[in-house]
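Structure first, commentary second.
The values are calculated or read from the model by the stated rules, or taken from the named source; none is laboratory data. It should be emphasised that the depicted structure is a prediction, and the values quoted were computed from it without experimental measurement. As a convention, Cβ positions derive from the backbone with ideal geometry for all residues, glycine included, and neighbour counts pool all protein chains shown.
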Amino acid sequence: MSKRYPNHLHVKVHRNYSVEEIAELFGTHKNTVRNWHKNGLATIDDKRPMLFHGKILAAYLQAKRTKHKQPCKSGEIYCVRCRAPKVPAGDMTEYQPVTETVGNLMAICPDCELMMNRRVSFAKLDQFRCQMDITLPQALQHIVESNQPTVNSDLKQE
């Protein structure tokens with residue numbers, strides 16, 4: 001089962017929260033919040049009910065989230081199955097444009113052989129070219145090479 005890290009931006013920093021309020025805010029169980037307290041989330045004081053300051057709660061959640069991040073270096077693409085950044089198999093990738101300025105780099109993971117994707121700006125594509133071989137899509141030269149027939153065509157294939 002994968003872990004889901006709550007978004008620290010939902011916390012109001014100038015507010016105090018009880019265990020029940022935090023559990024309701026993030027849709028978790030009260031014992032989860034109590035485990036956070038055992039693992040380092042500080043309370044305002046040692047009295048009951050346990051109250052947590054919003055600023056401290058937000059900082060704890062942000063630190064917990066960034067501790068598990070694995071940023072990719074310039075020649076790597078994140079593999080979802082392996083849960084780690086990997087260099088593409090054979091250093092070969094394919095660029096698929098999504099918009100005019102942004103596209104996806106698609107490659108094969110060298111370990112699990114699944115497809116990996118990384119969103120890249122077309123302007124920054126040259127930074128990746130020195131580390132991997134990138135194939136850009138080629139435009140079709142003839143309408144006959146198209147997979148889909150034109151909509152307003154009266155011609156029939158023979």
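Just a few scattered comments:
- The helices (runs of 4 or more DSSP H) falling completely within the stretch 24-129 that include 2 or more residues that are basic (K, R) map to 30-38, 54-67.
- Residue under evaluation L136, criteria (1) modelled with pLDDT of 85 or more; (2) loosely packed, with under 15 Cβ neighbours inside 10 Å, criterion not met: (1)
- Residue list for the stretch 42-74, filter: among the polar types (S, T, N, Q) and loosely packed, with under 10 Cβ neighbours inside 10 Å: Q70
- Selection of the stretch 21-39 for residues being exposed (fewer than 12 other Cβ atoms within 10 Å of the Cβ) and either over 15 Å from Y60 (Cα atoms) or in contact with a Phe, Trp or Tyr (Cβ under 7 Å, 6 or more places away or on another chain) (or both) yields G27, H29, N31.
- Within the stretch 1-19, the set of residues being farther than 23 Å from K67 by Cα, out of contact with any Phe, Trp or Tyr (no Cβ under 9 Å at 6 or more places or on another chain) and surrounded by 12 or more Cβ atoms within 10 Å (Cβ to Cβ) comprises R15 only.
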